[in-house]
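Working notes, beginning with the structure itself.
What follows is calculated from the coordinates using simple rules that are stated; it is not laboratory data. The structure presented is a predicted model; accordingly, all values stated were derived computationally and were not measured. Virtual Cβ from ideal backbone geometry, glycine too; neighbours counted across all protein chains shown.
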Amino acid sequence: MKSDPVVTLALALQHGLSEEEYERILQILGRTPTYPELGVFSVMWSEHCSYKNSIAELKTLPRSGGRMLAEAGAENAGLVDIGHGLAVAFKIESHNHPCAVEPYQGAATGVGGIMRDIFTMGARPIASLDSLHFGSLSIARNRYLLDGVVRGIGDYGNCLGIPTVAGEVIFHHGYSQNPIINCMAVGVVNKDRIASAVAKGEGNTVIIFGSRTGRDGIHGATFASEEISEESESKRSSVQVGDPFAEKLLLEATLELVRSDALIGIQDMGAAGITCSSSEMAAHGKSGIEIDLDKVPLREEGMSAYEILLSESQERMLTVVKKGYEGEAERILDHWELLHERLGHVTIDGMMRVSHQGEVVCEIPANELALGGGAPVYHRQAKRPMSLDQTNIMNLDPYRQDRDWNVALLELLASPNICDKSWVTQQYDSTVRTNTVLGPGGDAALLRVKGTSLGLAMTTDCNPKFVYLNPRRGAALAVAEAARNISCTGATPIAITNCLNFGNPYKPESFYFFKEAVAGMGEACRIFDTPVTGGNVSFYNESEESMILPTPVIGMLGILENLELRVNSYFQHEGDRIILFGMTGADLGGSEYLYHLHNTLAGDAPPLDLEVELRTQICLREAISRGWIRSAHDCSEGGLAVALVECCILNRKSLIGAAISLGESRLHAADQLFAESASRVILSVDPKHLGEVMALAAESKIPAAEIGKIGSDRIIIGPWVDLEVEKAAYTFYNALPKLLKSAISAE
Amino acid sequence: MRFGIVVFPGSNCDYDCYWGLKNDLGFQVSFLWHRQRSFEDIDCIILPGGFSYGDYLRSGAIARFSPIMEAVLKHARKGSPIIGICNGFQILTEVGLLPGALLRNESLRFIHRPVHLRIEQQDSKFTKGYSVNRTIELPIAHGDGRYFASQHILTELENEGRILFRYSSPEGRLTAAGNPNGSINNIAGICNSEGNVMGLMPHPERRLNASVGGTDGRPLFMSVAEAFA
């Protein structure tokens, strides 16, 4: 075996550490680190594991209170109380960089990783959601990425038997080099069976189980903390390979282990592999940990200590079991035919001590490695880009000129950002586990919780165009839209998880978006009383040519006490009256209308009054719970016209028309139809409840107007739109397959 | 009626069958672990959907060699009922209890969506509870669901009335658009010549409760319970 390289400052810099950070390592150890130690510091202090450039901002978010059972970041996933003796574990995470170089495995292991975060806590995963962002489909590479990512998510989740129930697919040329792939998982756990990622109790035994450790994924966490470049392709070995069958065994065995008397703590091995799980568990338990790498089951011979420590081979877990109870744990692992080995034990000296071939190769105070311990914390500079002012005040009137609004509406219905995404969602099993009450395609997904009357609503949302134009308001709008989507099912939002996808934090003009977005998110979460339970930060989403739109994805959870009091998003009964909650303004800024029809991203994000938004949602939920509402649909991308069409066609089995009259207004037709003003919801009600709903709205001090009636086979929005429902539906449902086909034949 | 659900390590619709048969239909249900070599007091065996042993090889190809399969074959020879759903159907063809094979979907993609099925036989022990020539709606969720068999077998299946479910339009017409995966003659489910072993690709266990999609799966299990009581 070749010997380890000599550790120098130059080598530390190559590992992505700064000079200052290397100095601190020398100080902590009181000597030059060994090569494996350098590797350990470099991954643990990478952005991916340490959040060193983001944690200062993240701490400004509301991170406790409400129904939260664990403070943000304390465990592998957020944890909220849903009553009935149950808690929900949920989290969202990015897998952007792996997907940029190997979309299938990148996405598959993204799902695998987030699932492990959930079942590590003892929770059985019940649902998966995905927020996907790609560049234009006219570029072959982007179609390859879309295809690979969708297959990867599907194959992994389908095999594991976890339904993929919701999500979003967004296209913008900024994502061309750098797709944004965020996976969210939700699980349910008995409150008295929650497992913790902790190593404690001197002499307790450390056991590794699951797949063998190979050379895949070495330095994945460091890779994710760099910009994407041509060299990224050569880092393909940094991408891990997923095995969903192994994950299924891991899932069942872990849940059984958590129910046994043997368990002290457990953590999955994701980024930074054994290094991260052992040091974090020790730091969390204020203990030390001693492990012997010779015991680790390996996939190939001749692996060095450095490689074993940093391997990101998938489907592995590390657990600490009570001394004397090893046999009980091992019986469970044998039952599921999983490999397992006793690696070492817990100590009380606070050190992470690793031996290999009879020598101690790594001896570091565990706490110095961890977030909240010795990992560095930086306050980065933020500077507003000058160009943004120009963009914000741009005169949008030229785009308001009269045109054939039927044609404009049809074009928007075929926009990849608006059209039906069944091509994607049909590749996912969305009903396995038989809990899915409302699946993909509506506002939020709604799942039953077996054995209770509860419904759990969930959604991911973010309009990155708004965040680009106005990061603070844009992030608040993302929270507001997520909450509105949850409320449209009848459920009450209770908490969020977030995945913050941004550019290079060392560039002040890039960090500005991050800082502002976090501030806006915090403001909105405080109003809705939806604390941030945790999440993930992904920086460096830029390449030489382009930078992504800043994309803070919000994953929100809601609760519906009585599942029977839910509503759908689509119109159902001829003769029902249509009500619009909220006001339409001259808010074309950042709209899909401007982007898709005029190839322009300009103006400012729509105004948002959080108090009005909150009152609107409370009023909506109240009306739903009284049984007055037949359907409720959020009005967002594509504006009122698109939302109305969706209400008419989202139930594919039973299309239905509507006649709308928007009344006197000084607004241009373009604004009336396509402005994306916030805080609006389209409702349909039985005429006999019309008065009650309008009275409740008045009492709630929110704008509300009766705007039309359901019926016929045409969608009429007087005096501008008059379309056959069939034609609108055909356009909406066939756009994506058609686009994929025509783009291929055009080459 | 006691149902026994075989659990392979990669089964993932086992619990769905268990929950629905027990709570929505009130049957007695138990799980049978794949390494078990025998079982007692089971009237009807269910081979559930999932990815039995990962199915990285041909779907169901490894499951046919699992320890429990001897006992399952014995159960079949006794004339007792067996239902294979999705991966279970694939396993039944691999082990030779049902003829034909399930190939990769025509689109080469995994497909999950509700499909319409036309009930082809009124008098089979699995479809008694349905009225013939009406259609029902069940979801499919598979990558390898394209039924295929030689002409000789197809003729036998047709002549003996062993094709129980076909993919169709909502009105019951056998169209290409109604056939989600390219199955030959729109075949979605068949039984053996003795009429006690049945396999189908769609998931009846996902349609046992109105709040999660509907109840079109109920008559299937009720039929079995009545016919083999």
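So for the stretch A:197-373, averaging the separation of alpha carbon pairs under 8 Å that are six or more residues apart and normalising by length, what relative contact order in percent results?
Working: 398 pairs, mean separation 71.4, N = 177.
Relative contact order of the stretch A:197-373: 40 percent.
Full-extension gain between A:D609 and A:K59, please, as 0.36 nm times their residue separation minus the C-alpha to C-alpha distance.
Working: separation 550, 0.36 × 550 = 198.00 nm, distance 2.43 nm.
Here the segment from A:D609 to A:K59 would lengthen by 195.6 nm.
Over all residues in A:444-452, what is the mean tally of Cβ atoms on other chains that come within 10 Å of each residue's Cβ?
Details: counts 0, 0, 1, 1, 3, 0, 3, 2, 0.
Rounded to a whole number, the mean comes out at 1.
Given R₀ = 41 Å, FRET efficiency for A:R403-A:D529 by Cβ-Cβ distance, to 0.05? Don't jump to the answer; show the numbers that get you there.
Working: r = 43 Å, r/R0 = 1.06.
The formula returns an efficiency of 0.40 here.
In vacuum, with every alpha carbon of the stretch A:233-321 counted as one equal point scatterer, what does the Debye formula give for log10 I(q)/I(0) at q = 0.17 Å⁻¹? Two decimals, please.
Debye output, listed in q order: -0.83.
What do you get for Rg/Rh of the stretch B:2-227 when both radii come from the Cα atoms and Rh is the Kirkwood radius? Each step should come with its number before you reach the end.
Working: Rg = 15.8 Å, Rh = 17.1 Å.
Taking Rh as the inverse mean 1/r over Cα pairs, Rg/Rh reads 0.92.
Students often check this: by mean Cβ neighbours within 10 Å, which of A:254-260, B:75-81 ranks highest, and how do the rest follow?
Values: A:254-260: 19.7, B:75-81: 16.0.
Sorting A:254-260, B:75-81 by mean packing, highest first, produces A:254-260, B:75-81.
Between B:N133 and A:K383, what is the label-point separation in nm under the 7 Å Cα-to-beta-carbon projection?
Going from the A:K383 label point to the B:N133 one covers 8.0 nm.
Tell me, what does the Kirkwood hydrodynamic radius of the stretch A:424-569 come to in angstroms if you use every pair of distinct C-alpha atoms? Show your work: numbers first, answer last.
Numbers: mean 1/r = 0.0623 Å⁻¹.
Kirkwood radius, the stretch A:424-569: 16.0 Å.
Modelling each spin label as a point 7 Å along the Cα-to-Cβ direction, I'd like the A:M394/A:V360 distance in nm, to one decimal.
6.2 nm
What is the calculated FRET efficiency for B:F65 to B:E106, with r their C-beta to C-beta distance and R₀ = 25 Å, to the nearest 0.05?
0.30
Can you give the percent of C-alpha pairs in the stretch B:130-169 whose distance is more than 11 Å? Could the numbers behind the result be given before it?
Numbers: 579 of 780 pairs.
I get 74 percent for the Cα pairs in the stretch B:130-169 exceeding 11 Å.
Compute the distribution of all C-alpha to C-alpha distances in the stretch A:370-426, in bins of 5 Å from 0, and list the percent of pairs in each, rounded to whole numbers.
Histogramming the stretch A:370-426 at 5 Å steps yields 4, 11, 9, 10, 10, 10, 10, 12, 11, 5, 4, 3, 0 percent.
For A:E202, what is the net charge nearby, where nearby means another residue's Cβ is under 14 Å from its Cβ and Lys, Arg count +1, Asp, Glu -1? Each step should come with its number before you reach the end.
Details: positive: A:K200, A:K286, A:K322, A:K323, A:R353; negative: A:E290, A:D349.
Neighbour charge sum, excluding A:E202 itself: +3.
Give the lysines whose C-alpha is closer than 18 Å to that of A:K507, dropping any in the same chain fewer than 8 places away, or say none.
Excluding near neighbours in sequence, the set is A:K52, A:K383, A:K515.
Hey, got the average number of other protein chain Cβ atoms within 10 angstrom for residues in A:152-164? Could you put the intermediate results ahead of the total?
Values: counts 0, 0, 5, 3, 0, 0, 8, 9, 4, 11, 1, 2, 1.
Mean inter-chain Cβ contacts per residue within 10 Å come to 3.
Using every Cα-Cα pair within the protein assembly as shown, state what percent have a distance larger than 44 Å. Mind showing how you got there, number by number?
Working: 158054 of 475800 pairs.
Considering the protein assembly as shown, 33 percent of its Cα-Cα pairs are separated by more than 44 Å.
Can you put A:D609, B:D123, A:D429 in order, fewest other beta carbons within 10 Å first? Mind dumping the intermediate values first?
On the way: A:D609 13, B:D123 10, A:D429 31.
If I rank by nearby Cβ atoms, fewest first, I get B:D123, A:D609, A:D429.
If you find the alpha carbon centre of the stretch A:359-400 and of the stretch A:529-603, how far apart are they in angstrom?
24 Å
Sort A:104-115, B:10-21, A:588-599 by the packing proxy (mean of other Cβ within 10 Å over each peptide's residues), most packed first. Intermediate values should be presented prior to the final figure.
Values: A:104-115: 27.4, B:10-21: 23.7, A:588-599: 21.6.
So the peptides A:104-115, B:10-21, A:588-599, ranked by packing, come out A:104-115, B:10-21, A:588-599.
Can you compute the label reach from A:D192? Point 7 Å from Cα along the Cβ direction, backbone N cut-off under 16 Å, restricted to the stretch A:73-109.
It comes to A:83-87, nothing else.
Along each principal axis of its Cα atoms, how long is the stretch A:635-747 end to end? Whole angstroms, biggest number first, please.
The Cα atoms of the stretch A:635-747 stretch 58, 31, 24 Å along their principal axes.
How big is the equivalent ellipsoid of the stretch B:61-150 along its three axes, where each semi-axis is √(5λ) from the Cα gyration tensor, reported in whole Å from largest to smallest?
In descending order, the three semi-axes are 23, 21, 11 Å.
Greater than 20 Å separation of Cα atoms is the criterion. Which listed pairs, A:K248/A:K295; A:K421/A:K741; B:K22/B:K78; A:K200/A:K322, meet it? Please list the in-between numbers first.
Numbers: A:K248/A:K295 24 Å; A:K421/A:K741 15 Å; B:K22/B:K78 25 Å; A:K200/A:K322 9 Å.
Checking Cα-Cα distances, A:K248/A:K295; B:K22/B:K78 exceed 20 Å.
Cα gyration tensor of the stretch A:364-494, axes a ≥ b ≥ c as square roots of the eigenvalues: rounded (a/c below 1.5), prolate (a/b > b/c) or oblate? Mind dumping the intermediate values first?
Values: a/c = 2.36, a/b = 1.05, b/c = 2.24.
Because a/c hits 1.5 or more and a/b fails to exceed b/c, the stretch A:364-494 counts as oblate.
For labels at A:Q14 and B:T155 in the simple 7 Å Cα→Cβ model, what's the distance in nm?
Here the modelled spin labels are 7.2 nm apart.
Looking only at the stretch A:1-21, which residues have a backbone nitrogen under 13 Å from a spot 7 Å from the Cα of A:E301 in the C-beta direction?
A:1
Taking 4 °C and 1.567 mPa s as the conditions, I'd like the Stokes-Einstein D for the stretch A:197-373 in µm²/s, using the Kirkwood hydrodynamic radius from alpha carbon pairs.
Details: Rh = 16.4 Å.
Estimated diffusion coefficient is 79 µm²/s.
Across the residues of A:428-440, average count of Cβ atoms on other protein chains within 10 Å? Could the numbers behind the result be given before it?
Working: counts 3, 12, 4, 11, 11, 7, 16, 4, 5, 4, 1, 3, 1.
Mean number of neighbouring Cβ atoms from other chains: 6.
Give me the angle, in degrees from 0 to 90, between the Cα long axis of helix A:140-160 and the longest principal axis of the Cα atoms of chain A, rounded to the nearest 10.
With both axes taken from Cα atoms, the answer is about 70 degrees.
Of the listed peptides B:29-42, A:88-101, what is their order by residue-averaged count of other C-beta atoms within 10 Å, with the highest listed first? Please list the in-between numbers first.
On the way: B:29-42: 14.2, A:88-101: 27.0.
Top of the packing list down: A:88-101, B:29-42.
For an R0 of 35 angstrom, estimate the FRET efficiency from the Cβ-Cβ distance between B:R35 and B:Y56 and round to the nearest 0.05.
Working: r = 20 Å, r/R0 = 0.57.
So the FRET efficiency works out to roughly 0.95.
Test of the criteria: in the stretch A:398-478, which trypsin sites (Lys or Arg not before Pro) are in a DSSP loop and have at most 16 other Cβ atoms within 10 angstrom of their Cβ? Intermediate results must be reported in sequence, preceding the final value.
On the way: sites: A:R400, A:R403, A:K421, A:R433, A:R448, A:K450, A:K465, A:R472, A:R473; in loops: A:R403, A:K421, A:R433, A:K450.
Hits after loop and neighbour filter: A:R403, A:K450.
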